[in-house]
Amino acid sequence: MAKQRKWPVLLMSTALIAGLLAGCSGKGNNGAGTSGNAASGSASPSASASAPAEDLKPLKLTYYSEDPNPNWANMQDETGKVITEKTGITLDAEFAVGDAVQKSALIATSGKYPDLISAKNSISKFVDAGAVIDLTDLIDKYGPHLKKVYGDQMKRLRYSNDDPSIYVLPSYAGVGQTYFEAGGGFELQHRVAKELGYPKIRTVQDFENAIKQYLAKHPTDEKGNKNIGLTLNADDWHMYISVTNPAFLTTGGADDGEFNIDVETQKVTYHFLRPEEKEYFRWLNHMNAEGLLDKESFVQKYDQYKAKVASGRVLGLIDQLWDYADGEKALKAEGKFDQAYGHYPVTLNENFKDTSFWPTGFMAGNGVSISKTNPDPVRTIKFLDWLASDEGQVLINWGIEGKHYTVENGKRVMIKEVNDRRINDGTNFQKETGIGNYTLLSAHYGDGVKDPTGNYYTLKFPEQLVNDYSDVEKEVLKNYGATIWKDLFPKEEEFKIKLWGAAWNIPVPSDSDSTVIEEKLKNITWKMIPKAILAKPEEFDALWDDYVAQLEKADVHKAEQLREQLVKDRVKLWNE
């Protein structure tokens, strides 16, 4: 998300994300939480479940988000129209294009602020500029649903030890989240697994062998176009998701952005300096030398990457579902279900566990803020509070009763034709229905949490996931002894919870030296990692030594020290 985690999301990692949402994503970081207790009541929250806004006069608010949403339809989609009907509010939205952090910095210093601001890495810039207001009193007076959703996690909404104000309504993580969907790992087309007799896919060597064996039998597709063993998405920030994040996910490291943090001592290391990660990149270098890595991996644009996935020629990916979902949905829309992908917990060797489901607890920090120039903060917080109500939650996740879902014997069920479109025609579906367009606007419950009627708030729970699988996907899973892809991955309880959540989620003061140093480190990494991967194998070690020398010259160890202090401050803020 984020990096998957930094941009949408979670293992950002996405998300984001359908497509570009993360997630991010999308992410593989798991929050600990409990599902809500089912209670007696009607099968679907009624329109009277939450009181309507006192003032329903039309009000247009400007909204800026660092996360792009190509499916935004100016609230003229079916769900958006209902939101406006219930609240009187419409949003004039602007989404960041290109460098979101730079865009946010320009907005923060301009003095002209959108009414609503959704920032991730850049929230500190808006706080330091005095651009956003403290929401504490507004939540207390006008936010009963917000308080209900956040519950005992309200203390995590505080900005810092020195400033306990609430500047953000966290929305990039659901409260009480239980992750059921394994959207990351290494992806292999179902037809590859099936033809090879469902081989063990546990290490990078297993993954490589499967690709190599299938390519030897099928060097081209039915049209004579060359099949591609593995392609990576390195276009701008996607570099994190598809190229660099897998280095720690496959070598036992948790998703803490660009840093590895010891769960016991909280000692911080720039994660690329871990010796095991060097060996992961050596494997990618080997894949390139063997002709199994797409030569266009580091020059193709995101649209080209998705089009390549949609062609069905790419046997393997290392990515998050939300990042390549548009391409896969195009395959499904054509009925090419065997060219869609399974998710496998691949690591460098069997001494490591895939860390996609390492728990973080509730991930406060990234979400929505109200600017100081907002014309009506009270109407705005009531709008955000309505979205957090049971009525709002069901609407943004399930759509409209009778149009998108029905209630059968007390159970909420997506109408089959609607659900088929949701799975196989996601882009057009989201633009038309709005389902999936409004989750990041306010507080929300996570996957696995049930509403008072005993139904899940979201559409990601085991029964629904299985229902969404094609027959081909179910067959593959059955042959691996699994029901859902998560069954193949190490479970949350196998890891010790991180008291700081995730380091990428911690705001960095805009006047901190970290900002400048980490930008230098990123630029060096994004130049040298592709160079090392594409080099001749005999040149790899020398290039890596050069890379490490450049990092040290750029004060990498000072960056580690500064980040370590931020981590320790976060532990104190959240746990004392």
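The values are calculated or read from the model by the stated rules, or taken from the named source; none is laboratory data. Owing to the predicted nature of the structure, the values given are computational and were not obtained by experimental measurement. Cβ placement follows ideal geometry from the backbone for every residue including glycine, while neighbour counts extend to all protein chains displayed.
What to note about this one:
- Put simply, of 292, 315, 273 the only residue that is within 20 Å of residue 215 (Cα to Cα), outside the structural domain of residue 562 (by TED's automatic domain parsing), of a type outside the set (S, T, N, Q) and surrounded by fewer than 20 Cβ atoms within 10 Å (Cβ to Cβ) is 292.
- Segment 329-349: number of residues that are in contact with a strand residue (DSSP E or B) (Cβ under 6 Å, 6 or more places away or on another chain) and either part of a loop (DSSP other than H, G, I, E, B) or surrounded by fewer than 20 Cβ atoms within 10 Å (Cβ to Cβ) (or both): 2
- Test for residue 81: is it buried (at least 18 other Cβ atoms within 10 Å of the Cβ) and under 19 Å from residue 441 (Cα atoms): no
- Among the residues of segment 431-445, those that are surrounded by fewer than 24 Cβ atoms within 10 Å (Cβ to Cβ) and polar (S, T, N, Q) comprise 433, 437, 439.
- Filter result for the condition that a residue is closer than 23 Å to residue 506 by Cβ, aromatic (Phe, Trp, Tyr) and not assigned by TED's automatic domain parsing to the domain that holds residue 120, over 281, 298, 259: 259
- Residues that are among the small types (Gly, Ala, Ser) and either under 25 Å from the mean Cα position of the chain (by Cα) or surrounded by 24 or more Cβ atoms within 10 Å (Cβ to Cβ) (or both) within segment 144-183 comprise 151, 160, 171, 173, 174, 176, 182, 183, listed in sequence order.
- Counted residues, segment 498-533 - those being among the aliphatic types (A, V, I, L, M) and surrounded by fewer than 16 Cβ atoms within 10 Å (Cβ to Cβ): 1
- Counting only helices (runs of 4 or more DSSP H) that sit wholly inside segment 146-257, those with at least 2 residues that are within 28 Å of residue 331 (Cβ to Cβ), modelled with pLDDT of 95 or more and of a type in the set (D, E, K, R) are 190-195, 204-217.
The rows are residues; the columns are (1) over 27 Å from residue 200 (Cα atoms); (2) part of a helix (DSSP H, G or I).
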position	(1), (2)
475	no, yes
478	no, yes
481	no, no
498	yes, no
511	yes, no
519	yes, yes
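- Scope segment 111-130; condition assigned to a helix (DSSP H, G or I) and buried (at least 17 other Cβ atoms within 10 Å of the Cβ); matching residues: 123, 124, 125, 126, 127
- Residue in segment 350-369 that is over 26 Å from the mean Cα position of the chain (by Cα) and either assigned to a loop (DSSP other than H, G, I, E, B) or of a type in the set (Ser, Thr, Tyr) (or both) present: yes
- Test for residue 357: is it of a type outside the set (Lys, Arg), surrounded by 22 or more Cβ atoms within 10 Å (Cβ to Cβ) and within 30 Å of residue 250 (Cβ to Cβ): yes
- Residue identified as polar (S, T, N, Q), modelled with pLDDT of 90 or more and either in the same structural domain as residue 397 (by TED's automatic domain parsing) or crowded, with 21+ Cβ neighbours inside 10 Å (or both) among 69, 74: 74
- Just one of the listed residues (252, 229, 183, 257) is within 30 Å of residue 561 (Cβ to Cβ) and in contact with a helix residue (DSSP H, G or I) (Cβ under 7 Å, 6 or more places away or on another chain), and it is 257.
- Residue within segment 94-110 that is under 23 Å from the mean Cα position of the chain (by Cα), surrounded by fewer than 20 Cβ atoms within 10 Å (Cβ to Cβ) and modelled with pLDDT of 90 or more present: yes
- Candidates 394, 309 - the one that is over 30 Å from residue 494 (Cα atoms), under 20 Å from the mean Cα position of the chain (by Cα) and not charged (D, E, K, R): 309
- Residue check for residue 428: surrounded by fewer than 17 Cβ atoms within 10 Å (Cβ to Cβ), of a type in the set (S, T, N, Q) and not assigned by TED's automatic domain parsing to the domain that holds residue 393: yes
- Residues being among the charged types (D, E, K, R), surrounded by fewer than 24 Cβ atoms within 10 Å (Cβ to Cβ) and within 20 Å of residue 243 (Cα to Cα) - total across segment 184-211: 3
- Per the listing 534, 477, the residue uniquely over 23 Å from the mean Cα position of the chain (by Cα) and not assigned by TED's automatic domain parsing to the domain that holds residue 351 is 534.
- Residue in segment 378-390 that is of a type outside the set (Asp, Glu), over 25 Å from the mean Cα position of the chain (by Cα), farther than 17 Å from residue 173 by Cα and assigned to a loop (DSSP other than H, G, I, E, B) present: no
- Residues that are closer than 18 Å to residue 489 by Cα and either in contact with a Lys or Arg (Cβ under 9 Å, 6 or more places away or on another chain) or not β-branched (Val, Ile, Thr) (or both), drawn from segment 190-201: 190, 193, 198, 199, 200
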